[in-house]
Amino acid sequence: MKEAPTNLATERAIEARRSPLPRSIRKNWDLYLLIVPVIVYYIIFHYIPMYGVQIAFKDFIASKGITDSPWAGLKHFERFFNSYYFERLIMNTLEIGLYELLVGFPVPIILALLINEVRSKLFRKTVQTITYAPHFLSTVVLVGMLFIFLDPNSGFINMLIRLFGGDPVSFMTEPGWFKTIYVFSGVWQQMGWSSIIYLAALTGIDPQQHEAAKVDGASRLKRIWHINLPGIMPTIIILLIMNVGSVMAVGFEKVFLMQNDLNRESSDVIATYVYRSGIVSAQYSFSAAVGLFNSIINFILLLTVNFISRKVGQNSLW
């Protein structure tokens, strides 16, 4: 009678070894099935197109195709490093990326902490709706609003400046204002949407910790600092790593729509330079080399920050 369970366990172990699929996959096959479309998407639209990256090392000729075009080695990279615009492009891209990270990253965290402390459900939902709504505006609409509000003659902001005795400012043509307008308009548009993940993390904090802190006389501010912030710190670290990994990936569309000849000195970034070189001037190999260089820098930043985070705080992407 005692040998039956042992034999049954042995038979199950043998059956598991014979099964071609791991037990976790067989047990959760429906969950793995859900992720298949995502994997297929990335393979088709992100990995297969990497085949074309080789034109960065070739003098691409459309009539000969990618395979038969002559190799050029690192010629296009050297041309970019020695170009007149290299320093300006790198500095503008870095400045906008870092400015966006320093200003745009903490705001959703602060907003989520504040919303989490609101006890009135009606007020909380109102604030969330107001802050989420700008996310659904297209970039074209957002930039159009900027041009209207910041117009030197009829813009709302310049009307206020004149009301207080100041002179109107042409914000959209002044190079010194470009980065600030770009970053803060982005923060306004995305802070509500970005706070959702922090609000979700805050719901996972045990309420008993707050109850115990209240008994010990901790103020609301102290409970936020010593309970809420540590509770969402793993989420903050992961998102910080991902944001640092895209510092050089300043979006093309918004910069391109806000850019003009008067502010180009401050607004010209790698993405817009790739557009002018590749699409406008048809220098496909050169623009591919510039884009590849930008991607490599982002990848190195991602690896570096992830390594530092893993060594310091034990939180990392992998």
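Structural remarks
- Condition check for residue 166: out of contact with any helix residue (DSSP H, G or I) (no Cβ under 7 Å at 6 or more places or on another chain), outside any helix (DSSP H, G or I), in the same structural domain as residue 268 (by the TED database) and more than 30 Å from residue 226 (Cβ to Cβ): yes
- Qualifying residue in the range 211-223 (condition: touching a residue at least 60 places away in the same chain (Cβ under 8 Å) and under 29 Å from residue 301 (Cβ atoms)): no
- Residue pairs meeting the criteria (Cβ under 9 Å; at least 6 apart or on separate chains; first among the charged types (D, E, K, R), in the range 294-317; second outside any helix (DSSP H, G or I)): 310/316; 310/317; 310/318
- Only one of 32, 41, 47 that is of a type in the set (Ser, Thr, Tyr), open to solvent by 80 Å² or more (accessible area, probe 1.4 Å), at pLDDT 95 or above and in a helix (DSSP H, G or I): 41
- Flag if residue 186 is part of a helix (DSSP H, G or I), crowded, with 17+ Cβ neighbours inside 10 Å and in contact with a Pro (Cβ under 9 Å, 6 or more places away or on another chain): no
- Qualifying residue in the range 109-123 (condition: touching an Asp or Glu at 6+ places or on another chain (Cβ under 7 Å), within 29 Å of residue 250 (Cβ to Cβ) and in the same structural domain as residue 196 (by the TED database)): no
The values are calculated or read from the model by the stated rules, or taken from the named source; none is laboratory data. Computed from a predicted model, the values in this text were never measured in an experiment. As a convention, Cβ positions derive from the backbone with ideal geometry for all residues, glycine included, and neighbour counts pool all protein chains shown. Protein only, heavy atoms only, side chains kept; ligands, DNA and RNA dropped before computing areas. Shrake-Rupley method; radii C 1.70, N 1.55, O 1.52, S 1.80 Å.
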